[in-house]
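First comes the structure, then the notes that go with it.
Please treat every number below as a calculation from the coordinates, not as lab data. This one's a predicted model, so the numbers in the text were calculated from it and none came from an experiment. In this analysis, Cβ positions are derived from the backbone assuming ideal geometry, glycine residues included, and neighbour counts consider all displayed protein chains.
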Amino acid sequence: MPQTRRTFLAATAGIAATRCSPPESGEAEPAALEAAMKLSLSVRVAESFSDKRNSTMNIDELIAMAKRYGYEALCMRASQLGTHTPAEQIAEARAKIDAAGLKVSMVTGDFAVPSNNEEGPMLLRNITPYLDLAEALGSDLIRVCMKKDEDIGFARESADEAAERGIRLAHQSHCASLFETVDGSLRVLQEVGRPNFGIIYEPANWFIAGEDYGIDAIRQMQPYLFNFYIQNHRLTPDGVTEITTWKKGPVPVDHIGVWESGGVDVDAVFEAMHEVGYEGHLTIHQAFGDVMPVEEAVRKSYEHLKPLTMRRAA
């Protein structure tokens, strides 16, 4: 997207510290200036990339930061609240989230799922505690993990149980999983074959795995798009981290902000998501503990991404 267009959208969206005041005439804002996507802040922002169990911030600080910078929801993970958390603590946190006017866009109820290890798919053998957690937090979406074809049958059963409670399940497009490739993801989604089972589209993992993450892939995923994660990495032989893929082996990367070039083509991704009519949550899903101060990164992510969520003019 040309810089002039970004500048125009940023100004009209009224982002960051200087926000636009309502038109004095009382005329309605044009449709092109309305946000099509709701910005959600993953509590992962305060985690280290390599340590998903600990956070540098507590839930009160994360709620306050999300509210301060204009996010509409939190994406919950076990570093703050999970199936291991006492019910009283979950209820207290829910009250605080509600009081701040925020929603919980999705829950990741344990540490094995985001770690994408061999224990990750075990939630599909007993989904009930995860449904209880989502319900307690007022969320209708749970992230799951699948590593082998034998997980597909359990995913069907879990989706059926979730449907009885009005809850959806979704798997992130993730390296070293059944969703590492576009074709693999589509196959599993079709084999599970449940309307409440979909995908969390996250372009950086497909980028790392050497997959086409752009408009052609997004069109194929359109019927299954339940969430939209965004993070960024730069491929480099001297990368600070190696990410394991089944397709390419270890891939060295540097973690960079979504506002930086050299990684995912963020502008093109948003153009494609608008083209297919995606209007769900957009979740900032980057662990900034290893990159830069968390609050600065959260602010810069909002400033860069908010204009991109604006509806396109007809």
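A simple spin-label model places the labels of Trp259 and Glu34 2.8 nm from each other, with each point 7 Å out along Cα-to-Cβ. If you wrap the Cα atoms of the stretch 34-309 in a convex hull and average its projected area over all directions, you get 12.8 nm².
Annotation: extensible slack from Glu61 through Ala163 equals 33.4 nm (criterion: 0.36 nm per residue apart, minus Cα-Cα distance). Note on Lys103: aspartates and glutamates with a C-alpha under 13 Å away, same-chain residues under 8 apart excluded, are Glu72, Glu135, Asp140.
Placing a label point 7 Å from the Cα of Ala99 along the Cα-to-Cβ direction, the residues of the stretch 59-74 whose backbone N falls under 15 Å of that point are 59-65, 67. When the listed pairs Lys96/Lys147; Lys147/Lys248; Lys248/Lys300; Lys38/Lys248; Lys38/Lys67; Lys147/Lys300 are checked against a 25 Å cut-off, the alpha-carbon distance exceeds it for Lys96/Lys147; Lys248/Lys300; Lys38/Lys248; Lys147/Lys300. At q = 0.23, 0.25, 0.27, 0.33 Å⁻¹, what is the base-10 log of I(q)/I(0) for the stretch 194-238 according to the Debye formula with one equal point scatterer per Cα and no solvent? Please give it to two decimals. Log10 of I(q)/I(0), two decimals: -0.83, -0.93, -1.03, -1.25. Looking at the stretch 34-309 alone, DSSP beta bridges between its own residues are antiparallel in about 25 percent of cases.
Summary of the geometry: the stretch 67-127 and the stretch 224-289, compared by the centres of their Cα atoms, lie 21 Å apart.
Contact order, relative form, for the chain: 22 percent (alpha carbon pairs under 8 Å, 6 or more residues apart, mean separation divided by residue count). Bridgeable aspartates and glutamates around Lys247 (alpha carbons under 19 Å apart, same-chain partners fewer than 8 residues away excluded): Glu118, Asp149, Glu180, Asp183, Glu202, Glu211, Asp212.
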